[in-house]
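Down below is the structure, laid out as structure tokens.
The values are calculated or read from the model by the stated rules, or taken from the named source; none is laboratory data. None of these values were measured; they are calculated from a predicted model. Using ideal geometry, Cβ is built from the backbone for each residue, glycine included, and neighbour counts are taken over all protein chains shown. All accessible areas refer to the heavy atoms of the entire protein, side chains included, with ligands and DNA or RNA removed. Shrake-Rupley method; radii C 1.70, N 1.55, O 1.52, S 1.80 Å.
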Amino acid sequence: MVIVGTVALDNIRTPFGEVRSALGGSAFYAGLSASYWTEVGVVAIVGEDYPEEGFRLLERHGVDYRGITRSKEKTFSWTGEYTYDLNTAHTLKTELNCLLSFAPDLPAVYDHVDTLFLANIDPEIQLRVLDSMPVRPSLVVCDTMNFWIENKLPDLKKVLSRIDILTINEGEARMLSGEFSLVAASRKITAMGPKTLIVKRGEYGVLVFGKDSVFASPAYPLEEVKDPTGAGDSFAGGVIGYMTRSRKSTNDVLRQGVVVGSAMASFCVEDFSTRGLENLSKTAISGRLSSFASLTSYPDLPPLDAGMKG
Ligand code: AMP
């Protein structure tokens, strides 16, 4: 799969600590997360201030970074803060820097990829990438956020008309649709193009709306959450990585993918920046997936006439 998005240096403050110029960005988190499931390439731009450490980390996870351009400007930087409501990120500063001159040029080896993830980035760039692909990948997924809904709505709508799945935060689903009810929001958003809408609800998990179906997955209840940054991107990386590895986009595979994504996001939030995703063993991942299975399983209910009064 190929991921186009931001590779960033983040300044983050949560009630549990603070990091400055930390590794981050939508494509960076999604790439690390997906690398546990499938082969992945990242397309992005960084500035000359970007540390080698970022590339080494991708390399260690087998992520192909031939699509990351280095510019003479500064790296995209996001400064954000969370209060005790860790579900809501407060953006203090978005410094686009080198993103302003990003003209993505996908290496030719990506011409026939199965899956394209247009991670959170300027919708104009997402459009350019879609236009540049000689063959439409069989699965195209997109993520976005309030910043782009506010600043680039016409371009975002063009992107939405050409994708299969949209992943978006609860608040942003309401903002994009103008509807408070998520059911009503999903109807309006799927009418814009995507067949499936995944609404991310922070510690409350996700809701997946298809044409005639709804699926819910909780977030894993953790003892300690330090930094929710990147949870959405790690979630998406897990879902899409799993679907790509399965080579199918059926409803069952999507549901399995959503649980995989939720498990990957749960590792991400346990530490600052990308630390929670950096050293995961197969045992740790499968252990968390089994915990997820027991979290959501319950025995079949008895027939109604046996279980109800009157
Ligand atoms: P999330 O998974 O939603 O927590 O995404 C966190 C990442 O999104 C951070 O590492 C930021 O660098 C990145 N980010 C923040 N604002 C933007 C933006 N406007 N466009 C693209 N990426 C962003």
Subject >> Hits in region 205-247 - residues which are of a type in the set (Phe, Trp, Tyr) and at pLDDT 95 or above >> reply: Phe209, Phe215, Phe235, Tyr242
**OP:** Would you point out which residue out of Gly237, Gly210, Gly287, Gly257 is within 16 Å of the ligand (Cβ to nearest atom) and of a type in the set (Gly, Ala, Ser)?
**Re:** Gly237
Original post:
When only residues in region 46-71 that are open to solvent by 40 Å² or more (accessible area, probe 1.4 Å) and of a type in the set (Asp, Glu) count, which is nearest to Val2 (Cα to Cα)?
Top reply: Glu59
**OP:** Answer yes or no as to whether Phe117 is at negative phi and in a helix (DSSP H, G or I).
**Re:** no
**OP:** Return the only residue of Ala236, Ala191, Ala216, Ala265 being among the aliphatic types (A, V, I, L, M), within 30 Å of Pro15 (Cβ to Cβ) and surrounded by fewer than 23 Cβ atoms within 10 Å (Cβ to Cβ).
**Re:** Ala216
**OP:** Go over the candidates Thr38, Thr69 one by one and state the one that is closer than 20 Å to Cys268 by Cβ and more than 10 Å from the ligand (Cβ to nearest atom).
**Re:** Thr38
Original post:
Does at least one position in region 161-175 carry a residue that is polar (S, T, N, Q), within 12 Å of the ligand (Cβ to nearest atom), open to solvent by 20 Å² or more (accessible area, probe 1.4 Å) and touching a residue at least 40 places away in the same chain (Cβ under 8 Å)?
Top reply: yes
Original post:
Is it true that His90 is within 12 Å of the ligand (Cβ to nearest atom) and either at pLDDT 95 or above or surrounded by fewer than 19 Cβ atoms within 10 Å (Cβ to Cβ) (or both)?
Top reply: yes
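Table: residues versus (1) of a type in the set (S, T, N, Q); (2) assigned to a strand (DSSP E or B); (3) touching a His at 6+ places or on another chain (Cβ under 8 Å).
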position	(1), (2), (3)
Ala22	no, yes, no
Phe55	no, no, no
Glu59	no, no, no
Thr75	yes, no, no
Thr79	yes, yes, no
**OP:** Name the single residue, out of those in region 116-146 being open to solvent by less than 20 Å² (accessible area, probe 1.4 Å), within 15 Å of the ligand (Cβ to nearest atom) and not hydrophobic (A, V, I, L, M, F, W, C), that is farthest from Trp78 (Cα to Cα).
**Re:** Gln126
**OP:** Mind listing whichever residues of region 273-286 are part of a loop (DSSP other than H, G, I, E, B), touching a residue at least 24 places away in the same chain (Cβ under 8 Å) and over 11 Å from Ala231 (Cα atoms)?
**Re:** Leu280
**OP:** Quickly run through region 120-140 and pick out the residues that are assigned to a helix (DSSP H, G or I) and of a type in the set (Asp, Glu).
**Re:** Glu124, Asp131
